[in-house]
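In what follows, a single structure is set out as structure tokens and then discussed.
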Amino acid sequence: WASQGVQINAIAPGYFETDNTTNIRKDPERFASITARIPCGEWGKPEDLAGATVFLASPASNYMNGHVMLVDGGWMAR
């Protein structure tokens, strides 16, 4: 699609504090187990996605195509 002027990129979030993860975060054992495996030691907050979102929506990413940007506190780098 790049030849048509269309950029296709994505953001791949890790574990985030959202309504969808409320039950997991309320389970002390499961929450501790997951948190212990996140290299930065904490769950993401929705505002942690802002920088990646602004970057992909800005001209700064004009030459970027087909990329999946990890915003996961280092989860995939373990």
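Taking the stretch 34-63 as the range and being part of a loop (DSSP other than H, G, I, E, B) and open to solvent by less than 40 Å² (accessible area, probe 1.4 Å) as the test, the residues that pass are Ile38, Trp43, Ser58. Residues of the stretch 64-78 that are under 10 Å from the mean Cα position of the chain (by Cα), open to solvent by 50 Å² or more (accessible area, probe 1.4 Å) and either β-branched (Val, Ile, Thr) or on the phi > 0 side of the Ramachandran plot (or both): Val68 alone.
Looking only at the stretch 7-32, how many residues end up being open to solvent by 60 Å² or more (accessible area, probe 1.4 Å) and either assigned to a loop (DSSP other than H, G, I, E, B) or of a type in the set (Gly, Ala, Ser) (or both)? Of the residues in that region, 5 qualify. Selection of first residues in the stretch 50-76 that are over 9 Å from Gly14 (Cα atoms) and of second residues that are assigned to a helix (DSSP H, G or I) and aromatic (Phe, Trp, Tyr), restricted to Cβ pairs under 6 Å at least 6 apart or on distinct chains, gives the following pairs, ordered by first then second residue: Ser61/Phe55.
Quick check on Gly41: is it farther than 13 Å from Ile11 by Cβ and of a type outside the set (Phe, Trp, Tyr)? Lay out the reasoning, then the answer.
Details: farther than 13 Å from Ile11 by Cβ: yes; of a type outside the set (Phe, Trp, Tyr): yes.
Yes.
The values are calculated or read from the model by the stated rules, or taken from the named source; none is laboratory data. Owing to the predicted nature of the structure, the values given are computational and were not obtained by experimental measurement. All Cβ positions, even for glycine, are placed from backbone atoms using ideal geometry, and neighbour counts span all protein chains on display. When the accessible area is computed, the model is the full protein with side chains, heavy atoms only, and any ligands, DNA or RNA have been set aside. Shrake-Rupley method; radii C 1.70, N 1.55, O 1.52, S 1.80 Å.
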